[in-house]
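The values are calculated or read from the model by the stated rules, or taken from the named source; none is laboratory data. This is a predicted model, so every value here is computed, not measured. Counting neighbours? That spans all protein chains shown, and the Cβs are built from the backbone with ideal geometry, glycine included. For accessibility, only protein heavy atoms count, side chains too; no ligands or nucleic acids. Shrake-Rupley method; radii C 1.70, N 1.55, O 1.52, S 1.80 Å.
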Amino acid sequence: MQNWIHKEDISKGGFTLLEGTEEAGIITYSKAGRKTLIIDHTEVYENFSGKGLGRKLVDKVVHYARENNLKIIPLCPYAKKVFEKEADFLDVWDK
């Protein structure tokens, strides 16, 4: 079973993906003003690799951005690669 932990403060935030009770990966962002998030790091831990969890992490931030009317700048190389391939993310991509 997958669960999420979201932590956020004034300037940054992120999501941790849990598989059961174990941390499987994280995605972090910095805030650029009031309406933009910069994805700066995506990581899936070694024992959870190959399960598509990196994509789930990016999807989680995209969902969060849509719910909160935010734009995203994907500076993390992995997140940027996902954004470049996914036409459905154009609504939140701050190019």
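Say we look at the stretch 23-43 and pick out the residues that are assigned to a strand (DSSP E or B) and without any contact (Cβ under 8 Å) to a residue 24 or more places away in the chain; which of these is surrounded by the most Cβ atoms within 10 Å (Cβ to Cβ)? So, considering only residues that are assigned to a strand (DSSP E or B) and without any contact (Cβ under 8 Å) to a residue 24 or more places away in the chain, the one surrounded by the most Cβ atoms within 10 Å (Cβ to Cβ) is Thr28.
Every condition in (1) open to solvent by less than 20 Å² (accessible area, probe 1.4 Å); (2) part of a strand (DSSP E or B) holds for Phe83 except the one numbered (2).
How many of the residues in the stretch 1-22 are β-branched (Val, Ile, Thr) and open to solvent by less than 80 Å² (accessible area, probe 1.4 Å)?
In the first step, residues of the stretch 1-22 are kept if they are β-branched (Val, Ile, Thr); the result is 5, 10, 16, 21.
Filter once more, keeping what is open to solvent by less than 80 Å² (accessible area, probe 1.4 Å): 5, 16.
The total comes to 2.
The residue that is nearest to the chain's Cα centre (by Cα), counting only those in the stretch 3-22 that are part of a strand (DSSP E or B) and farther than 23 Å from Leu70 by Cβ, is Leu18. For the stretch 57-80, filtered to residues that are β-branched (Val, Ile, Thr) and closer than 16 Å to Lys12 by Cβ, the residue that is most open to solvent (accessible area, probe 1.4 Å) is Ile73. Can you pull out the residues in the stretch 44-66 that are among the acidic types (Asp, Glu) and either touching a His at 6+ places or on another chain (Cβ under 9 Å) or not in a helix (DSSP H, G or I) (or both)? Once the filter is applied, which keeps residues that are among the acidic types (Asp, Glu) and either touching a His at 6+ places or on another chain (Cβ under 9 Å) or not in a helix (DSSP H, G or I) (or both), the stretch 44-66 yields nothing.
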